[in-house]
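Student: Mind looking over this structure? Questions follow.
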Amino acid sequence: QVQLVESGGGLVQTGGSLVLSCVATRGTFRTMSWYRQPPGKQRELVASINSDGYSHYADFVKGRFTISRDHARNTMYLQMHLLKPEDTAVYFCNAEGELQYRGRTYWGQGTQVTVSS
């Protein structure tokens with residue numbers, strides 16, 4: 001059973017930093033992504049990274065967030081700097097399987113990030 005487990009969320013002041021982690025209990029993934037869902041809004045893509053290391057960022061986090069993967073630990077990270085109140089959301093880990101996991105998409109349970117003004 002593949003599980004994605006996020007951690008690292010919390011309460012931080014404007015301008016602060018947090019690092020989110022997403023550990024996959026098993027599986028191999030072509031693309032891993034971070035999504036977020038602000039209060040009362042729809043879920044949106046924050047950043048993604050594929051197994052070649054190519055990364056993509058939403059415009060609203062470019063220059064502030066960095067996505068990375070540690071293949072040996074089957075873990076993805078999101079370094080978040082210069083946080084703003086509008087970054088407040090539940091952050092979700094997403095992974096698209098490859099090889100024997102191809103065609104399957106997995107989600108974590110989410111971790112809350114709250115940025116106070």
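The values are calculated or read from the model by the stated rules, or taken from the named source; none is laboratory data. Predicted, not measured: the structure shown is a model, and the values here were computed from it. When we count neighbours, we look across all protein chains shown, and the Cβ atoms used for this are built from the backbone with ideal geometry, even at glycine. When the accessible area is computed, the model is the full protein with side chains, heavy atoms only, and any ligands, DNA or RNA have been set aside. Shrake-Rupley method; radii C 1.70, N 1.55, O 1.52, S 1.80 Å.
Student: What do you reckon, is ASN74 in contact with a Cys (Cβ under 9 Å, 6 or more places away or on another chain) and closer than 18 Å to GLN3 by Cα?
Tutor: It is false that ASN74 is in contact with a Cys (Cβ under 9 Å, 6 or more places away or on another chain) and closer than 18 Å to GLN3 by Cα.
Student: Let me ask something else about it. Taking the conditions exactly as written (open to solvent by 20 Å² or more (accessible area, probe 1.4 Å), within 12 Å of the chain's Cα centre (by Cα), on the phi < 0 side of the Ramachandran plot and without any contact (Cβ under 8 Å) to a residue 60 or more places away in the chain), does ARG73 satisfy them or not?
Tutor: Taking the combined requirement at face value, the residue does not satisfy it.
Results for (1) open to solvent by less than 60 Å² (accessible area, probe 1.4 Å); (2) at pLDDT 95 or above, shown as yes or no for each residue.
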{"position": "THR28", "(1), (2)": "yes, no"}
{"position": "SER48", "(1), (2)": "yes, yes"}
{"position": "GLY63", "(1), (2)": "no, yes"}
{"position": "ARG69", "(1), (2)": "yes, yes"}
{"position": "HIS81", "(1), (2)": "no, yes"}
{"position": "TYR101", "(1), (2)": "yes, no"}
{"position": "TYR106", "(1), (2)": "yes, yes"}
{"position": "SER116", "(1), (2)": "yes, yes"}
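Student: Search the stretch 1-26 for residues being part of a loop (DSSP other than H, G, I, E, B) and closer than 19 Å to THR75 by Cβ, and hand back the single one that is modelled with the lowest pLDDT.
Tutor: GLN1
Student: Return a yes/no flag: does the stretch 68-87 have any residue that is among the β-branched types (Val, Ile, Thr) and not in a strand (DSSP E or B).
Tutor: For the stretch 68-87, residues among the β-branched types (Val, Ile, Thr) and not in a strand (DSSP E or B): absent.
Student: When you look at ARG43, is it modelled with pLDDT of 95 or more and crowded, with 18+ Cβ neighbours inside 10 Å, yes or no?
Tutor: no
Student: Return the pairs, sorted by first residue and then second, in which the second residue is at pLDDT 95 or above and open to solvent by 30 Å² or more (accessible area, probe 1.4 Å), the first residue lies in the stretch 37-52 and is within 11 Å of ASP87 (Cα to Cα) and outside any loop (DSSP other than H, G, I, E, B), the beta carbons are less than 7 Å apart, and the residues are 6+ apart or on different chains.
Tutor: So the pair list comes out as GLN37/ARG43; GLN37/VAL90; VAL46/TYR35.
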